[in-house]
1. Of the residues B:LEU215, B:LEU169, B:LEU130, which is surrounded by 19 or more Cβ atoms within 10 Å (Cβ to Cβ) and among the aliphatic types (A, V, I, L, M)?
2. Does A:THR126 meet the test of being part of a helix (DSSP H, G or I) and within 22 Å of B:HIS85 (Cα to Cα)?
3. How many residues does the range B:61-72 contain that are more than 11 Å from A:VAL25 (Cα to Cα) and facing another protein chain (nearest Cβ under 7 Å)?
4. For the range B:94-125, how many residues meet the condition of being surrounded by 14 or more Cβ atoms within 10 Å (Cβ to Cβ), in contact (Cβ under 8 Å) with a residue 12 or more places away in the chain, within 14 Å of chain A (Cβ to nearest Cβ) and not β-branched (Val, Ile, Thr)?
5. Check B:ILE75 against each of (1) closer than 27 Å to B:ARG25 by Cα; (2) within 7 Å of chain A (Cβ to nearest Cβ); (3) buried (at least 20 other Cβ atoms within 10 Å of the Cβ); (4) under 29 Å from the mean Cα position of the chain (by Cα) and name the one condition it does not meet.
6. Within the range A:27-53, can you find the residues that are within 8 Å of chain B (Cβ to nearest Cβ), of a type in the set (Gly, Ala, Ser), without any contact (Cβ under 8 Å) to a residue 12 or more places away in the chain and in a helix (DSSP H, G or I)?
7. Sort through A:THR142, A:THR157, A:THR180, A:THR200 and tell me the only one that's in contact with a Pro (Cβ under 6 Å, 6 or more places away or on another chain), among the polar types (S, T, N, Q), in contact (Cβ under 8 Å) with a residue 40 or more places away in the chain and crowded, with 16+ Cβ neighbours inside 10 Å.
8. If a residue must be surrounded by 14 or more Cβ atoms within 10 Å (Cβ to Cβ), farther than 30 Å from B:ARG204 by Cβ and modelled with pLDDT of 85 or more, how many such residues does the range B:270-303 contain?
Amino acid sequence: MTATTPTADAPEARRATFRESPHRVTFGGVVRAEWIKLTSVRSVGWAIAIAVVITAGFGALAAFATFATAPEGAIEQGLLSDIPVAALGTAGILVSQLVFAIVGVIVITGEYGSGQIRSTLTAVPTRLPVLGAKALVVGIVTFVASAISLAVGIGSTIAIAAGYGIPVDDMGLDVSVLYTVLGGAVYLALLTVFALAVGTLVRSGAGAIAIALGVLLVLPTVVGLVPFEWVQEASPYLLPNSGLVISMPNAEMDGDFWRALVVTIAWPAVALAGAAAALVRRDA
Amino acid sequence: MITAEHLTKRYGAKTAVDDVGFVVRPGLVTGFLGPNGAGKSTTMRMIVGLDRPDSGSVTIGGSAYRDLRSPLTEIGALLDAKAWHPGRTAERHLLGMAATHGIGKARVREVLEVTGLESVARKRVGGFSLGMGQRLGIAAALLGDPHTLILDEPVNGLDPEGVAWVRRLLRSLAAEGRAVLLSSHLMSEMAQVADRVVVLGRGRVLADQSIDEMLGGQGGPVVLVRGAGVDRLPHLLAADDVTVTQVAPDAVEVSGVAAPRIAEVAVGAGIGIEELAPRKATLEERYMALTSDAVEYRTEGTR
């Protein structure tokens, strides 16, 4: 058995032959890398496109369904006035949140599944900047995409309502519509970051999607069904419930709103902290 | 330069890498040999910080990989498995890696050119053949123009032209003063390209020496003797450290005795020798002998 004693050639010898590299890993560089990766895989592009179509389309569909099925003469009698047009325009959030959750998950589990993660973590061995850059890039992309699609959704709702003869003055259009768009976009962006964190923790796409959908769909239902008061009281602290409060049209900026905003931020923040700890500690 | 000291990695009850130490020196190609499961890939993953050692350390130019501020320019790695998303093009994959370090598009184009991938740079890597994948892995390893390269089975799946290209590439990288660690199961290839070899078996270092030491080492040269009556040689040469193996009806291989002495004995006994050829042991033979010893050693150890 050869017990090897490294006869260390001095590292200086190597330095002499090579110039010090001008390149450094920077957070800006890691963000650029994550942007390149996000925009160069078809599945992510498709998922975001689908989410945009759903968000905008469902709003229009909800408006169309409401007015097309209105009883004869209802519109003329003003029975449909004061319908919160923005509420119809945001109907798509309930569906598109599921797609955005999947986007958040596949951004990281796609790397684990394909082996890309080895290239990623070899280039950035401190690892945390990768998670931070991913959260930033996917969060901003989701925010912009959902803000645009919510605006389009509400816009088409207004157009459809106007087409059915609802006076624009009766649509309740004020600054709260803007808050609705922003609130919805903030919720969807933070939800996507939450899903990213879950994906980082679980590493398997199927498992992470199951957990994310559990949080979005199963948890609120279960909490709604359990007839104990203390369980019921937990309801506002669930991510989808808090998210709907901040994206609610005409939401009052009262205690409920601020609590919902804090809850919506806390879910991804806690999940990210866990994901960061796991990412740094685990073998890739 | 890579320096591994007392490197140990356990997966549950199995010790994949057990107190491994070696140095990969600048200017040399160091071959990394060992049977499947010997711990080569795990060691390479620890070198680039993907896996954390349970004890011991491995440094690149004196720093742990995670402390490198510009890892891709220090060490380029081609690991055994695919390390890219199949839906991305080769160019975008490399651009993504390059962006982390602020390495420009020009360098990406350069490595695509060096590896012969320009024509497929805009193709999705999911459709790449095994050989094209190897070239992409080599391109990624070269991206930062690193001082040290570690390549796990780089010629696996390459055509003969590609194998020769990798051989020339590695030799020229070493000639430029870079340290190269190369794992391969192709012994003939390794014998042509490596200056030194580190042999692992069951997670331990079995040998760490130059190729010449490895080939010329213990046991001495093997001599092929052909002629009528060579079957009498085992009897004539009988001694503790001599082995004579019949390889054909009229030919034997003798080890432990120098060729002139064999000739003397044979002539003295009246054997008509038609051929007497000292044969250098091949890397494969040395490797097989080393690793089979390792198995025996381990069996004793666990008894």
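1. Criteria check complete, one pass: B:LEU169.
2. no
3. The total comes to 4.
4. Total meeting the criteria: 9.
5. That leaves (2) as the condition not met.
6. Of everything in the range A:27-53, just one residue is within 8 Å of chain B (Cβ to nearest Cβ), of a type in the set (Gly, Ala, Ser), without any contact (Cβ under 8 Å) to a residue 12 or more places away in the chain and in a helix (DSSP H, G or I), namely A:GLY29.
7. The unique qualifying residue is A:THR180.
8. Number of matching residues: 3.
The values are calculated or read from the model by the stated rules, or taken from the named source; none is laboratory data. Remember, it's a predicted structure, so these values are computed and weren't measured experimentally. Cβ: placed from backbone, ideal geometry, glycine included. Neighbour counts: every protein chain shown. Only protein heavy atoms, including side chains, enter the accessible area calculation; ligands, DNA and RNA are left aside. Shrake-Rupley method; radii C 1.70, N 1.55, O 1.52, S 1.80 Å.
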